Each structure stands twice: as structure tokens, then as C-alpha cells.
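The values are calculated or read from the model by the stated rules, or taken from the named source; none is laboratory data. What you are looking at is a predicted structure, and each value in this text was computed from that prediction instead of being measured. Cβ placement follows ideal geometry from the backbone for every residue including glycine, while neighbour counts extend to all protein chains displayed.
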Amino acid sequence: MSQLRFLVVDDATFIRDLLKKSLRNCFPGCMVVDVNSAPKAQAALKTQLVDLILCDWEMPEMTGEDFLRWIRASDAYKDIPFIMVTSRGEKDFIIKAVQAGVSDYIGKPFTPETLQNRITKALKKAGIAIPGFARGGSTQGIANSSVSVLTGGSSSSTPKENQSPGAAAEATAIFGGAKPAPVKSAPAEKKAVRGQAQINFASGHIAQSIVRDISLQKMNCLVKREDKLPQILEQAVVSIVENDGENVARLNAYVHSISAIENSIDSSALQLIIRFVDDDPDKLDLLSRYIEKL
């Protein structure tokens, strides 16, 4: 083939769009077919020749594992490199994927370098040439792609979220640090949600957070201020945790906004607004049940 052809399978629109733009940035001139389910991917393969498949693992209707086993059992498709793209990183989970015949693994959130390197490695192992490939993909290009995915190509400033006067006191109690200045005549505030979440950022940084408010669309949380700060529009995977430590749901997301919780350079915590991008009804059902119990 004169151009690389990729098949992207993911039920989250945001992830598909990000992967498409990332692939076109890393492999100029490539063709990308994207679908939101494994059955649609099966149908696409009957009319499209592809060099490599990037597939989510947890999808409704048919899982990525079931789709992979179907691929490997087919004489027509069994040799196509198949890269699993998932937020599941447990050792047993990865071993199971390898046993099913996966070519490689990319964890969500992923960096541009990881995406490019894993795909290049899989293509070379399969003996597939990479036309016009230039080493050293641009991280900035991927960042700009993320902006384009969210804004439709137009530039926009990040909306400023309302800050709660009680957040500073809450963060101080949880994370420690300087005491905030007292707020006079502050209106009574609804008691903050005492949920917890672990946030895995694309940079590799992992933050434990206190959930102050949460809906099916977004999460307002507090994280401890550290040397490595999250970036606006950075990919993230959020693991919601109940008070007994049980994991409720793992959701794909991105950082929508970051703000200081007090007017001080010694602020011990930051307030993040995290937007969820999952369309998986099972994940949304789990999140909805969790919210109902708060």
C-alpha cells in the first residue's frame, strides 16, 4: 500500500477524534477509519483494507477481547497488528490480552511519543513499510489536536469556574498548608461531597483527589499541589472510589480547568474541573448509581 491505513475502534467520540488527529500528525498521509463498536469494525473490515487496528477494550455489545479473538480466528485478518488501547493496566488483565493475541498495549491516557513508538514497533514487526515517516513527532502538534477536538478548530479561553470560599479551608484540613484568610459574610455552603478519586494524567503523574461535586458530565475536585502540575486539555483517566475503598468506575476524561483555591502563593491544593468523555452506558450507569448514593 502506498499509504498507511488504520482502523480505530472506541465507543468514546473524544478518544476516537484524538486518535485520528494524533495518527495523522504522526503518520502524514495516512487513512483512518473510525467506528464506535466492534460489530461496526467487523463490517468495516469487509470493505476496507487496514494495516493496523487500535481498539478500546471495554465496549458495549462486543468487547475488545472478543473482537480480537474474532480477528485472530479469521484467515483474512489474523495477521493484522492489533493494539489494545485501554485504561485497564492490571497485570492479569494485560496477560489475558496477550493470550488473546494482542500485538501491543497502550494505556489511557497516552502520550504522543507512546502512541507513535508502539505503532511504529508493531508495523515494523509485521514487515509493513512506513512511507514518509519522520522520527521525532511533535508533542505540540498533538496538544493542538486536542484543542481542535474540543473547540472545532476555533480558539477559546478556558471558562473560569466559580470558586467556593469553603474549598480553601477544606483543602487545608485535608492536605495541610497555610490557613486561608477568613471570608466575611460568606453565604452558607452546601456540604462538600466526601468522595475520592484517583486521577492518572497523560504525563504519567497520578493524583489522589477529594471529590467536591460530581455529575455524569464532570467532576469538581481538589488535588494536592505538587511540583508537576496538570495541563489544560490533558488526557486523564479517573477512577472513582467509594469510602470503603471499592473502585466504582474508571472513566476517560480531560482537564477542563485549573484554579487556585485561595489568593496565596502558598496554596496547598488546586481545584480541578475534570470533564468526562465516555459514552459507554455501563460506565455511565455505574457513575449514576454512585451519584444517587451521595
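Taking strands (runs of 3 or more DSSP E) as the structural unit, those lying wholly within the stretch 175-246 and holding at least 3 residues that are at pLDDT 85 or above and touching a Cys at 6+ places or on another chain (Cβ under 8 Å) correspond to 206-214.
Of note, ARG135 does not satisfy the criterion of being under 26 Å from PHE201 (Cβ atoms), touching a strand residue (DSSP E or B) at 6+ places or on another chain (Cβ under 8 Å), assigned to a loop (DSSP other than H, G, I, E, B) and at pLDDT below 90.
Give me the residue from the stretch 23-44 that is in a loop (DSSP other than H, G, I, E, B) and over 19 Å from the mean Cα position of the chain (by Cα) and, out of that set, surrounded by the most Cβ atoms within 10 Å (Cβ to Cβ).
Checked the stretch 23-44; the qualifying residue surrounded by the most Cβ atoms within 10 Å (Cβ to Cβ) is PHE27.
Residues of the stretch 85-106 being crowded, with 16+ Cβ neighbours inside 10 Å and part of a loop (DSSP other than H, G, I, E, B), which ones? Scanning the stretch 85-106 gives SER87, ARG88, VAL102, SER103. Can we say THR63 is within 19 Å of the chain's Cα centre (by Cα), under 22 Å from ILE128 (Cβ atoms), surrounded by fewer than 21 Cβ atoms within 10 Å (Cβ to Cβ) and β-branched (Val, Ile, Thr)? No; evaluated as a whole, the condition is false for this residue. Among the residues of the stretch 47-70, those that are of a type outside the set (Phe, Trp, Tyr) and in contact with a Cys (Cβ under 9 Å, 6 or more places away or on another chain) comprise ASP51, GLY64, LEU68.
Assessment of the stretch 74-84 against the conditions (in contact with an Asp or Glu (Cβ under 6 Å, 6 or more places away or on another chain) and either surrounded by fewer than 23 Cβ atoms within 10 Å (Cβ to Cβ) or among the small types (Gly, Ala, Ser) (or both)) yields at least one matching residue.
Filtering the stretch 82-113 to residues that are free of Cβ contacts under 8 Å to residues at least 40 places away in the same chain and either in the same structural domain as LEU233 (by TED's automatic domain parsing) or among the aliphatic types (A, V, I, L, M) (or both) leaves ILE83, MET84, ILE94, ILE95, VAL98, ALA100, VAL102. Scanning the stretch 85-102 for residues that are over 25 Å from ILE128 (Cβ atoms) and out of contact with any Asp or Glu (no Cβ under 9 Å at 6 or more places or on another chain) yields a total of 6. On the given criteria, is ILE274 part of a strand (DSSP E or B), more than 25 Å from ILE106 (Cβ to Cβ), touching a Cys at 6+ places or on another chain (Cβ under 9 Å) and at pLDDT 85 or above? In short, no.
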